[in-house]
Amino acid sequence: DGLLKMRKILHNNEIICIVANLEEAKEGLDFLSEDSDFIQVGTWNYNKGQVLPLHYHNEFERTALRTSECVFVFKGKIECNLHSEDGHFIEKVIVSEGEFIINLSQAHESKILEDTIVLEVKNGPYFGPEKDRTRIEKK
């Protein structure tokens with residue numbers, strides 16, 4: 001059907017995580033994140049010879065209230081355990097080679113299940129680990 005098979009994980013009726021397989025990308029440009037999300041993630045699926053017009057992105061002030069991240073598993077496999085910010089377990093997600101996970105909110109823990117290479121992308125600027133993240137205990 002040409003649609004990217006993606007899974008949205010909800011907590012308290014909020015999308016906290018999106019999991020998808022890059023090999024199933026919809027034809028053309030397809031953004032998985034909402035315009036209001038603090039990280040914008042889209043897929044490109046074009047045929048040879050496609051040219052995306054020359055452009056640059058305008059500079060203007062933006063406000064982001066949290067850091068979100070996208071982790072693409074290039075090689076290997078990870079287990080991503082999703083928890084609420086107070087440490088309560090929500091769901092376990094296995095992310096395999098060719099798949100990616102977009103963590104929009106709440107807490108996450110990653111376990112490396114095989115020899116693994118990932119690409120991680122976050123919104124910036126980065127203010128250091130003390131300001132950027134809070135370690136919590138599992139409940």
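The values are calculated or read from the model by the stated rules, or taken from the named source; none is laboratory data. Just so we're clear, the structure is a prediction, and the values are computed from it rather than from any experiment. Glycine also receives a Cβ, built like all others from the backbone with ideal geometry; neighbour counts cover every protein chain displayed. Areas reflect the complete protein model, heavy atoms only, side chains present, ligands, DNA and RNA absent. Shrake-Rupley method; radii C 1.70, N 1.55, O 1.52, S 1.80 Å.
Hey, what did the range 75-127 get for relative contact order, percent, Cα under 8 Å, at least 6 apart? The partial results should precede the final answer.
Numbers: 78 pairs, mean separation 23.6, N = 53.
Result for the range 75-127 is 45 percent.
Relative contact order, percent, of the chain when contacts are C-alpha pairs under 8 Å separated by at least 6 residues? List each step's numbers first, then the result.
On the way: 267 pairs, mean separation 34.2, N = 139.
Once normalised by length, the contact order is 25 percent.
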Coil-residue trypsin sites (Lys or Arg not before Pro) of the range 37-84, DSSP, other Cβ within 10 Å capped at 16: 48, 62, 66
message: Which three extents, in angstrom, do the Cα atoms of the chain have along their principal axes, listed largest first?
response: 51, 37, 31
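Which sequence of 61, 91 reflects their accessible areas, 1.4 Å probe, from the largest down?
Details: 61 170, 91 50 Å².
Output order, biggest surface exposure first: 61, 91.
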- line: Excluding residues fewer than 8 positions from residue 131 in its own chain, the lysines with Cα under 22 Å of it are 122
Backbone HN-Hα couplings from phi across the range 26-37 [Karplus 6.51/-1.76/1.60, Hz, Gly and Pro as x]: 5, 4, x, 9, 9, 8, 8, 7, 7, 4, 7, 5
- prompt: Of all accessible surface on the chain at a 1.4 Å probe, what whole percent is carbon and sulfur?
  reply: 50
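With charges set only on the Cβ (+1 for Lys and Arg, -1 for Asp and Glu), what does the dipole of the chain come to about its Cα centre, in debye to the nearest 20?
On the way: 17 positive and 25 negative charges, 40 e Å.
For this selection, approximately 200 debye.
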